[in-house]
Amino acid sequence: MASVPTGTTFAVATSFAAAKTISAISNAAEAVVSCTAHGYTAGDVVLIESGWGRLNRRALEVKSATTDAFVIAVDTTNLGFYPAGSSAGSVKKVATFTQISQVTGASSSGGEPVTVDYKYIESDVSYSINDGFGSTQYTLTIDADAIGSAGYTALQNLTDVQTDTVLKMLSRSGARLYMPCTVALNDVPSLNDGQINTVSAQFAGSNRPIRYKA
């Protein structure tokens, strides 16, 4: 079913619980993360640091949990991408999301395939191969008069310290997107006749975002 942006809310992670040690992550259609006494429950959002580059600095939801392990909906069965025995790392839970209010527009950029072009001397034709994806950026346009609100202050603070955070987008249907990122708020207002004054905040992705259906 098609959807429209009306009713979508945005939030940014402003605090994390203490980091926990990951001893291993299984190679499975839904990966099991071994983490002693983690304390997480289903629906918690966690930021993972792992020896697996495809999981490192990913923001993910906990699907289910037991005392010393939890499940994430990531397929890690490909041993080429996820080599056995090299998955250890750490994880921390998002303790607080702060809503970014008075958003007037949102747009994404980047994330496109990166290609490498090459040519053999004996050939008169060039070739192209895929080499992953470019980084993803997300830009929010915000009412300049939101200054002083909790979300605006959070963006200012995160811009100053440049620490890792997580952008959350929640649609009216209940679908969620999480993007690990850093924040850069440009709080110099844009002034256009016939429009409200706005500022912009750019979220630079530190790994691929993930979307969950409603």
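Annotations for the structure displayed:
- Whole-number accessible area per residue in Å² for region 1-64, which is evaluated in the context of all protein chains at 1.4 Å: 47 Å²
- When peptides 194-203, 115-124 are sorted by average Cβ neighbour count within 10 Å, with the highest value leading, the order is 194-203, 115-124.
- Distant-in-sequence amide H partners of Q137 (H built 1.01 Å from N, under 5 Å): S109, G110, G111, G205
- Here the Karplus relation 6.51 cos²θ - 1.76 cosθ + 1.60, evaluated at θ = phi - 60°, turns the backbone of region 21-26 into coupling constants of 7, 9, 8, 6, 10, 6 Hz, with x for every Gly and Pro.
- Accessible surface of the chain, 1.4 Å probe, proportion on carbon and sulfur as whole %: 51 percent
- 11 Å beta-carbon shell around S34, net charge (K/R +1, D/E -1): 0
- In order through region 88-97: 3J(HN,Hα) via Karplus (6.51 cos²θ - 1.76 cosθ + 1.60), integer Hz, x for Gly, Pro: 4, x, 8, 8, 9, 8, 5, 7, 9, 9
- Under-5 Å amide H pairs with T104, H placed in peptide plane, nonlocal only: T141, I142, D143
- Sorted peptide list for 35-42, 74-81, criterion being average Cβ within 10 angstrom, highest first: 35-42, 74-81
- Integer Hz, Karplus 6.51/-1.76/1.60 couplings in order for region 201-214, x for Gly and Pro: 10, 10, 10, 8, x, 9, 6, 5, x, 9, 10, 10, 6, 4
- Gyration tensor (alpha-carbon) shape descriptor, the chain, a/c threshold 1.5: oblate
- Extent of region 1-125 along its three principal axes (Cα atoms, max minus min coordinate, largest first): 61, 46, 30 Å.
- The percentage of C-alpha pairs in region 89-195 whose separation is greater than 18 Å is 64%.
The values are calculated or read from the model by the stated rules, or taken from the named source; none is laboratory data. Note that the coordinates shown come from a computational prediction; the quantities given were computed from them, not determined experimentally. Neighbour counts run over all protein chains shown; Cβ positions are idealised from the backbone, glycine included. To get the accessible areas, we keep the full protein, side chains included, count just its heavy atoms, and leave off ligands, DNA and RNA. Shrake-Rupley method; radii C 1.70, N 1.55, O 1.52, S 1.80 Å.
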